[in-house]
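The values are calculated or read from the model by the stated rules, or taken from the named source; none is laboratory data. Computed from a predicted structure; not experimentally measured. Virtual Cβ from ideal backbone geometry, glycine too; neighbours counted across all protein chains shown. Surface areas here come from the heavy atoms of the whole protein model, side chains and all, with no ligands, DNA or RNA. Shrake-Rupley method; radii C 1.70, N 1.55, O 1.52, S 1.80 Å.
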Amino acid sequence: MAQANGKLILFGEHAVVYGYPAIAVGLTRGARARATRSPSAPGSELVLGDERVHAGDGSELGRALEALLGALGVGGLRLEITLELPPGAGLGVSAAIAVAAARAALEHEGQPLASERLEAAALAWERVFHGNPSGVDTAAALYGGCLRFVRGQAASALTLARPLRLGVALAGPPASTKQMVEALASERRREPARVGALLESIGQLTEEAQPLLERGELPAVGRLLDRNHELLTLLALSSEALDLACALAREAGALGAKLTGSGGGGCVLALLPERGEDVLESWREAGLTCFESHVAAPERLA
Ligand code: PMV
């Protein structure tokens, strides 16, 4: 059984698509995959809950499987996936499935789990679902820990002076990353100066956040999380439900809160204070599903 992390983007989602840095953390929960020889070998299949697809069968999942296994150069496998997080909520489940499946496939074939090979295969999978992935989800799924990511570059690990307590609430219905990324791209074509300036501001605050995280200055990190949320709202990436979940968290003492991932729905995250239970309690009272996240230990990153 192979595993891969889900993720939370602390700073810089969407701006990362345009070359600005993002800071993300890997979650201990994500996806698991088991590889066996496929009964329909040399074809491959993937089983995810009630869904079963064949590589290249024309379905989105089938095309993604074909892209993943094609990039790895393996076939004739049956991959059974188990999810540990809700999909479509900005928690990087799609990338976690891809990395777990790629690890399981290589393990089954007795081949080494080279990170670059896994990353390239997972990115080929991600491209099927969303035409223009930055790769931040894939890097977090692979490496865990807290990392800085710039599109087209190797991710680097951040060493945090203090551990982060993060609360996560499922605040809106699942949203399509592809649609949200495309919506922003068309907004940028319509209003290049305004959208460009907002993306630039997100890039700047991500740069400001990095040393604050490394020094453990959490109240200042929290203020930047709030500001990042405001900028995403100005880019029309938030929703009433996401704004409300952030407001509830701040009222209950969170140091900062923002949507995480593509927005439009899905999750918000909150940087929790000492008494983080108050934030989770307030979300629960509002009927939201929530959990305190645990950051996955970093792996093999310089
Ligand atoms: O897949 P999600 O919803 O976690 O969003 C990924 C982050 C984006 O910046 C919106 C897209 C990307 O490819 O980086």
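Key figures for this structure:
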| item | result |
| --- | --- |
| Whole-Hz ³J(HN,Hα) from phi, Karplus 6.51 cos²θ - 1.76 cosθ + 1.60, for the range 109-117, glycine and proline x | 7, x, 9, x, 8, 6, 4, 4, 5 |
| Share of Cα-Cα pairs in the range 23-176 lying beyond 27 Å, as whole percent | 21 |
| Debye, to nearest 20: dipole size of the chain, +1 on Lys, Arg Cβ, -1 on Asp, Glu Cβ | 500 |
| Cut-off of 10 Å, at most 12 other beta carbons, DSSP loop: longest stretch of the chain lacking such trypsin sites (Lys or Arg not before Pro) | 1-274 |
| Stokes-Einstein translational diffusion, the range 41-113 - Kirkwood Rh over all Cα pairs, 0.890 mPa s, 25 °C, in µm²/s | 197 |
| Most mobile listed residue (Glu207, Glu80, Glu187) in the chain, GNM with C-alpha springs under 10 Å | Glu187 |
| Solvent exposure of the range 87-224 as accessible area per residue, Å², 1.4 Å probe | 41 |
| The range 132-178 - convex hull of the alpha-carbon atoms, volume per residue in Å³ | 95 |
| For the chain, calculated [θ]222 nm from helices alone, where every DSSP H run of n ≥ 4 adds -39500 (n - 2.57) | -13500 deg cm²/dmol |
| Space enclosed by the convex hull of the alpha-carbon atoms of the chain, per residue, Å³ | 116 |
| Residue among Ala157, Ala252, Ala197 with the largest mean-square fluctuation in a Gaussian network model of the chain, springs linking Cα atoms under 10 Å | Ala197 |
| With every protein chain in place, the range 85-202: carbon and sulfur % of accessible area (1.4 Å) | 54 |
| Tail beyond 23 Å, pair distance distribution of the range 126-270 (Cα, percent) | 38 |
| Point-charge dipole on Cβ atoms (K/R +1, D/E -1) for the range 187-302, about Cα centre, debye to 20 | 440 |
| Relative contact order of the chain, pairs being alpha-carbon contacts under 8 Å that are 6 or more residues apart, as % | 23 |
| Calculated FRET value between Glu281 and Ala120, using beta carbons and R₀ = 41 Å, to 0.05 | 0.40 |
